[in-house]
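The values are calculated or read from the model by the stated rules, or taken from the named source; none is laboratory data. Note that the structure is a prediction, hence the values are computed from the model and not measured. FYI the Cβ positions are ideal-geometry reconstructions off the backbone, even for glycines, and counts take in every protein chain you see. Keep in mind that these areas ignore ligands, DNA and RNA; they rest on the heavy atoms of the full protein, side chains included. Shrake-Rupley method; radii C 1.70, N 1.55, O 1.52, S 1.80 Å.
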Amino acid sequence: MDGSNNSGGRSVLVTGGNRGIGLAIARAFAAQGDRVAITHRGSGAPEGLFGVKCDVTDSTAVDAAFTEVEAEHGPVEVLVANAGITDDTLLMRMDEEQFTRVLDANLTGAFRVTKRATRNMLRARAGRIVYISSVVGLMGSPGQVNYAASKAGMVGMARSISRELGSRNITANVVAPGFVATDMTETLTEDRRKQILASVPAGRYAQPEEVAAAVTFLASPAAGYITGAVLPVDGGLGMGH
Ligand code: NDP
């Protein structure tokens, strides 16, 4: 990828692309003709996508997954760090293991895949990295000290990478979705759901495809001069942040 060629056919890797938002992102890249690989943790790959087994908390597994993707599609040119978990509870009840487990998957996981991907991006002097953060990373959320910290961390990570690698034609941006209809939000109580919807100017959840559209834009040649940015896809929930 040289930033001027949108003929498609780039090697794209989406972590956690087997379901939810990650799957919508993977499908959006595939629809525009890119060679898309996704990671999963045992579910296998959805039809039409190349899947590699990978837990992002394990750097050996990350390295092996990249090696497999590179053999199939060539070096990763577009990385989407999407894999993530929640483990919500109020601070008073949150133990250290709960905090570090979420940080390890969401933030250190993003670091592991970034580090492995940038090795070849630096050689190619081109690359696009998109982090799937959350509106909660900037606004905070009761019961989500661990999750919000991990998502806020992605902003500092993307901005530091932008400063380090900007001159090599590598961009690093953050997409901050609001509430999206997936398995993750399926677990919310009816009361919490009503509360959330009352505070979203758009008055509805996002569809995963609406998040995917922001990601494919940031990875497109049209976004070549955008780096270190946080693009909210939140129906107005986080306005001003
Ligand atoms: P889902 O719970 O539907 O999917 C989570 C994905 O992450 C799955 O593919 C899962 O893999 C993968 N994953 C989790 N832990 C690991 C790990 N250790 N290693 C590798 N893969 C892992 O979530 P969503 O699709 O809703 O969320 C995707 C991203 O978007 C997350 O980062 C989330 O924080 C973020 N987000 C979601 C919002 C929402 O409202 N849904 C709002 C804002 C941000 P597996 O199938 O193996 O479990």
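Structure notes:
- Against the list (1) assigned to a helix (DSSP H, G or I); (2) away from the ligand (no atom under 11 Å from the Cβ); (3) closer than 22 Å to Ala212 by Cβ; (4) open to solvent by less than 10 Å² (accessible area, probe 1.4 Å), the condition Asn146 fails is (3).
- Check on Phe66, aromatic (Phe, Trp, Tyr), out of contact with any Asp or Glu (no Cβ under 9 Å at 6 or more places or on another chain) and under 16 Å from Arg119 (Cα atoms): yes
- Looking across Glu164, Glu190, one residue alone is open to solvent by 30 Å² or more (accessible area, probe 1.4 Å), at pLDDT below 95 and either over 30 Å from Glu77 (Cβ atoms) or out of contact with any Lys or Arg (no Cβ under 8 Å at 6 or more places or on another chain) (or both). It is Glu190.
- Of all residues in segment 61-96, those that are within 15 Å of the ligand (Cβ to nearest atom) and of a type outside the set (A, V, I, L, M, F, W, C) total 7.
- Screening Leu23, Leu13, Leu49, Leu91 for residues that are touching a Pro at 6+ places or on another chain (Cβ under 7 Å) and modelled with pLDDT of 95 or more leaves exactly one candidate, Leu23.
- Matching residues in segment 161-194 - criterion: being of a type in the set (Ser, Thr, Tyr), more than 20 Å from the chain's Cα centre (by Cα) and under 27 Å from Ile226 (Cβ atoms): Ser167
- Annotation: Ser141 fulfils all but one of (1) free of Cβ contacts under 8 Å to residues at least 12 places away in the same chain; (2) part of a helix (DSSP H, G or I); (3) open to solvent by less than 40 Å² (accessible area, probe 1.4 Å); (4) not aromatic (Phe, Trp, Tyr); the unmet one is (2).
- Applying the set (1) assigned to a helix (DSSP H, G or I); (2) modelled with pLDDT under 95; (3) more than 14 Å from the ligand (Cβ to nearest atom); (4) not charged (D, E, K, R) to Gly240 leaves exactly one unmet item: (1).
- Of the residues in segment 10-23, at least one is under 22 Å from Val180 (Cβ atoms), within 15 Å of the ligand (Cβ to nearest atom), among the charged types (D, E, K, R) and in contact (Cβ under 8 Å) with a residue 40 or more places away in the chain.
- Remark: Val62 matches the filter, which requires a residue to be more than 19 Å from Ala219 (Cβ to Cβ) and among the hydrophobic types (A, V, I, L, M, F, W, C).
- In the set (1) among the polar types (S, T, N, Q); (2) more than 30 Å from Arg125 (Cβ to Cβ); (3) open to solvent by less than 60 Å² (accessible area, probe 1.4 Å), the condition left unmet by Gln195 is number (3).
- Residue in segment 25-32 that is in contact with a strand residue (DSSP E or B) (Cβ under 9 Å, 6 or more places away or on another chain) and near the ligand (Cβ under 8 Å from one of its atoms) present: no
- Condition broken by Ile170, with the remaining ones in (1) open to solvent by less than 80 Å² (accessible area, probe 1.4 Å); (2) of a type outside the set (D, E, K, R); (3) within 15 Å of the ligand (Cβ to nearest atom) satisfied: (3)
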